[in-house]
Amino acid sequence: MIKTASTARYEPRPVNDPVIQLAGLELRRIAMTLKSPFETSFGLTTERRILIIKAIDRTDVSGYGECTAMETPLFNHESVDTAWVVISRYLASMLSTGTRIRADEIGKLLSPIRGNRMAIAAVETAVWDLEARMLGLPLWQHLGGRRTEIDCGVSIGLQVTPEALIEKVAAEVAAGYQRIKLKIKPGKDIEYVEAVRKEFPNIRLSVDANSAYELDRDLNIFKTLDEFGLLMIEQPLAAGDLIDHSKLQKRLKTPICLDESITSLRDARQALEIDACRIINIKLGRVGGHSEARAIQELALSHNVPVWCGGMLESGIGRAHNIAMSTLEGFTLPGDVSASERYWDEDIIEPAVVVSPAGTIATPNSPGIGFRVREDLIRKLTVRSELIRLN
Ligand code: OSB
Ligand code: MG
């Protein structure tokens, strides 16, 4: 049988002979200060303490991954501290196979670990970068991506007044971003969204509640938000919940987008089965890495459900992985992948991620994540490090 391009496209690129033989993992926690504090319904982030993983091959080639766990276990159950323990105490030894491995096998190899997907993804994505570098391929091509540029949106944190929010939105619209997402929480919702919608009647606008609402208590709020022509309402109800989201979706015209509730391909399948969402936000860390993310976008594509790439206030390394993932065919909506300069005075990759006036990021052409990792700067920012030898 002749394979059509469309069936061939999503098969993992065959790496007939596995090329990687892991010699070590380096963990580094770096301290970076956001240019301005970012507030969501679960809390305020000013200082980031980011866990960076370097996967080192026997040939001394290395790849980088970023753990997207936050400083506190408020977005999900993980934190930068729990991820450190999980990786160094449990996960590293599971990689000491003594044989050559492929990046697309890492997820399965680590699957006996329950949850802790951000810890797993930090390592898994580092190995993907490593493999792409060893093969001399840009990571996005190695993953099977097709876009040479990706569409970008922004996420705007909670503001003190609707006027302050309008000012932020105006700046991002002027910069070219194609979709504006507003954080909301009870008490900071209708009034803010209404004010922005009035000022910008035609922009693609969405809201993200980070699970701050309850179905019975807050239905009227959603009925009102339903009238603002929003592109989506992201994660209104509890993290982990699918049933109440399905009930809410039946009452709304606006698509619900799930973020926190989707931690795996199985979650995505069950969410689509019961119409708990009509859009999915895929975050590499939340789902355990590139292999699972790719499987989720493939499933969504087969259901005609759009997906987009979420963000976790990443440094350049996580941002670069997000760019690579966003080139896959299912990513049809602008993601929360924005320019380095929105968050950082100085990013740890070179060049920094830039967004065009049309609101796009061009995919890089060099091997791996496609950006030079500034190891000198990373060393300067390091507050804790550990080198684990494997094999
Ligand atoms: O829910 O998408 C979210 C930041 C931290 C934790 C959760 C979320 C966010 C964002 C920021 O919305 C997205 C970005 O990195 O620009
Ligand atoms: Mg979200």
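The values are calculated or read from the model by the stated rules, or taken from the named source; none is laboratory data. Just so it is clear, the structure is predicted and the values come from calculations on it, not from any experiment. All Cβ positions, even for glycine, are placed from backbone atoms using ideal geometry, and neighbour counts span all protein chains on display.
Taken across the range 212-219, residues that are crowded, with 20+ Cβ neighbours inside 10 Å, modelled with pLDDT of 95 or more, in the same structural domain as T263 (by TED's automatic domain parsing) and farther than 15 Å from G157 by Cα do occur, with at least one present.
Here's the yes/no breakdown for (1) over 25 Å from E131 (Cα atoms); (2) of a type outside the set (S, T, Y):
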| residue | (1), (2) |
| --- | --- |
| S291 | no, no |
| W308 | no, yes |
| S315 | no, no |
| I323 | no, yes |
| L328 | no, yes |
| V337 | no, yes |
| Y343 | yes, no |
| I348 | no, yes |
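Could you tell me whether any residue of the range 117-136 is in a strand (DSSP E or B), within 16 Å of ligand 1 (Cβ to nearest atom), under 19 Å from N281 (Cα atoms) and hydrophobic (A, V, I, L, M, F, W, C)? Looking for residues that are in a strand (DSSP E or B), within 16 Å of ligand 1 (Cβ to nearest atom), under 19 Å from N281 (Cα atoms) and hydrophobic (A, V, I, L, M, F, W, C), one finds none in the range 117-136, hence no.
Checking each residue in the range 273-326 for being within 14 Å of ligand 2 (Cβ to nearest atom), closer than 30 Å to K35 by Cβ and assigned to a loop (DSSP other than H, G, I, E, B) picks out K283, G310, G311, M312, L313, E314. Within the bounds of the range 334-352, is there any residue that is assigned to a loop (DSSP other than H, G, I, E, B), more than 18 Å from D208 (Cβ to Cβ), of a type in the set (S, T, N, Q) and in contact (Cβ under 8 Å) with a residue 60 or more places away in the chain? Looking for residues that are assigned to a loop (DSSP other than H, G, I, E, B), more than 18 Å from D208 (Cβ to Cβ), of a type in the set (S, T, N, Q) and in contact (Cβ under 8 Å) with a residue 60 or more places away in the chain, one finds none in the range 334-352, hence no.
Of the residues L258, L237, L231, L299, which single one is among the hydrophobic types (A, V, I, L, M, F, W, C) and more than 16 Å from ligand 1 (Cβ to nearest atom)? I'd like the intermediate steps shown before the answer.
Numbers: L258 fails: more than 16 Å from ligand 1 (Cβ to nearest atom); L237 fails: more than 16 Å from ligand 1 (Cβ to nearest atom); L231 fails: more than 16 Å from ligand 1 (Cβ to nearest atom).
After ruling out the rest, the residue left standing is L299.
Of (1) farther than 28 Å from V86 by Cα; (2) touching a helix residue (DSSP H, G or I) at 6+ places or on another chain (Cβ under 6 Å); (3) without any contact (Cβ under 8 Å) to a residue 60 or more places away in the chain, A119 satisfies all except one. Which? With (1) farther than 28 Å from V86 by Cα; (2) touching a helix residue (DSSP H, G or I) at 6+ places or on another chain (Cβ under 6 Å); (3) without any contact (Cβ under 8 Å) to a residue 60 or more places away in the chain applied to A119, the lone miss is (1).
Taking into account only those residues within the range 231-254 that are assigned to a loop (DSSP other than H, G, I, E, B) and farther than 26 Å from A121 by Cβ, which is farthest from ligand 2 (Cβ to nearest atom)? Only one residue tops the list, namely K253.
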